[in-house]
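Student: Have a look at this one.
The values are calculated or read from the model by the stated rules, or taken from the named source; none is laboratory data. Please read all numbers here as calculations on a predicted model, not as lab measurements. Here the Cβ positions follow ideal geometry from the backbone for every residue, glycine too, while neighbour counts run over all protein chains shown.
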Amino acid sequence: MNANTQAIAVEPLRRFCTAAFEQVGAPAADAALVADTLVEADLRGVHSHGVWWVKSYTERLRRGGTNPRPRLTVMRETPALVLLDADGALGQVASVRAMQLAIEKAKQSGVGVAAVHNSNHFGAAAYYAQMAAQQNQIGFATTDAEPTMAPWGGAGKLVVGNNPLAYAIPVDDDFTLVLDMAQSVVAWGKIFLAAQRREKIPPTWALNADGEPTEDPHEAMTGVLLPVGGYKGYGLALVMQVLSSMLSGSTFGPTMPPMADPTIPQGHGHFFLALDIAHFIPLEEFRHSMAQVVAEQRAVPLAKGVDRIYLPGEIEHLKRQERLKNGIPLEAYVVDALRQVGEELGIDTSAL
């Protein structure tokens, strides 16, 4: 923690966020679910998808951009797949339901696939992939996003979202291997955080409006994000767009309304996959193989200056354990935004 952060206890923070969403019309269960996804992101250190979204979400719920009481309906269904109409729901509400359906189908068929149409921002992709891992399945989640990237080699018109992907693979009762990544060098939220902190960013993160590398986060937000791995990251972003948007018949690229306008639904699409391990191989055999994989990674000699090898998701796992005990360190501007929401909605902010 630094001078610009303060530790907030987990449960009071969760209760505050839940109350905020209830106050703007969300049913209690939906409000608690969305609050949980945001707090879990902060617990894992993924602050770009944490409780700083409460202000934006509540504004969109109040002003019509998001439907607080949607009717989720099944548009198409087979024994192994389902397409869900979210009715303009909070993305988390539609996504949890979709992944639940994918998990149940995987228990029966070995594989379950769910796509979502007509949704909104769904937060951290890892949350949904981990739902499957908790049921001894391999989970996958992806979503489309507002266009923040140009095709590889381009520096002008934004046509591709920084469409994230997440895999979650159960290792043992305590640890899940989680790969959660956006397709740019960093997520847009990290550039926003740098702007709030008045920090420079590396010139490899983004181009400014003139197509030049920049260290100024404000300039970066008027330009384009750079894909991780160059053309490879761009290719991944485009494929994730196909899975989440084209398969579900959702908006994509320049046709997606901006999050900044809280009165207009964005029409996001999402895609989820669950693979039931026991349909492929006995679960104990799979866990034995995973233990061997982990041991092999640990046995590799360390490079100079490295004190240990972390598996995907392990740093976040360790942060979560520590923060459950000691609270979540939140930036001052995030706490101020939450307090503002509390004052506007008449919610007790004494825990913040």
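Student: If you check Val294 against the conditions, is it touching a residue at least 12 places away in the same chain (Cβ under 8 Å), within 18 Å of Trp52 (Cα to Cα) and not small (Gly, Ala, Ser)?
Tutor: Against the criterion (touching a residue at least 12 places away in the same chain (Cβ under 8 Å), within 18 Å of Trp52 (Cα to Cα) and not small (Gly, Ala, Ser)), Val294 does not qualify.
Student: Checking the conditions here, which among Gln297, Gln321 is assigned by TED's automatic domain parsing to the domain that holds Gln134 and either under 19 Å from the mean Cα position of the chain (by Cα) or not hydroxyl-bearing (Ser, Thr, Tyr) (or both)?
Tutor: Criteria check complete, one pass: Gln321.
Student: Kindly indicate whether Ala106 is closer than 23 Å to Ile315 by Cβ, modelled with pLDDT of 95 or more and touching an Asp or Glu at 6+ places or on another chain (Cβ under 6 Å).
Tutor: The answer is no for Ala106.
Student: Picking from Gly230, Gly211, Gly161, Gly153, which residue would you name as being modelled with pLDDT of 90 or more, of a type in the set (Gly, Ala, Ser) and surrounded by fewer than 22 Cβ atoms within 10 Å (Cβ to Cβ)?
Tutor: Residue meeting the stated conditions: Gly230.
Student: From (1) in contact with a Gly (Cβ under 7 Å, 6 or more places away or on another chain); (2) at pLDDT 95 or above; (3) closer than 25 Å to Gly156 by Cα, pick out the condition that doesn't hold for His279.
Tutor: So the condition that His279 fails would be (3).
Student: Tally up the residues in the range 319-352 that are surrounded by fewer than 13 Cβ atoms within 10 Å (Cβ to Cβ) and in a loop (DSSP other than H, G, I, E, B), please.
Tutor: 3
Student: Examine the range 174-195 for a residue that is part of a loop (DSSP other than H, G, I, E, B) and either at pLDDT 95 or above or more than 18 Å from the chain's Cα centre (by Cα) (or both), and state whether such a residue exists.
Tutor: yes
Student: A further question on this structure: Among Ala220, Ala237, Ala260, which is under 18 Å from Gly189 (Cα atoms) and outside the structural domain of Ala114 (by TED's automatic domain parsing)?
Tutor: Ala220
Student: Would the range 42-60 turn up any residue that is under 14 Å from Tyr127 (Cα atoms) and of a type in the set (D, E, K, R)?
Tutor: Looking for residues that are under 14 Å from Tyr127 (Cα atoms) and of a type in the set (D, E, K, R), one finds at least one in the range 42-60, hence yes.
Student: In the range 210-248, what residues are in contact with a helix residue (DSSP H, G or I) (Cβ under 7 Å, 6 or more places away or on another chain) and not hydroxyl-bearing (Ser, Thr, Tyr)?
Tutor: Within the range 210-248, Pro217, His218, Ala220, Met221, Leu225, Pro227 meet the criteria.
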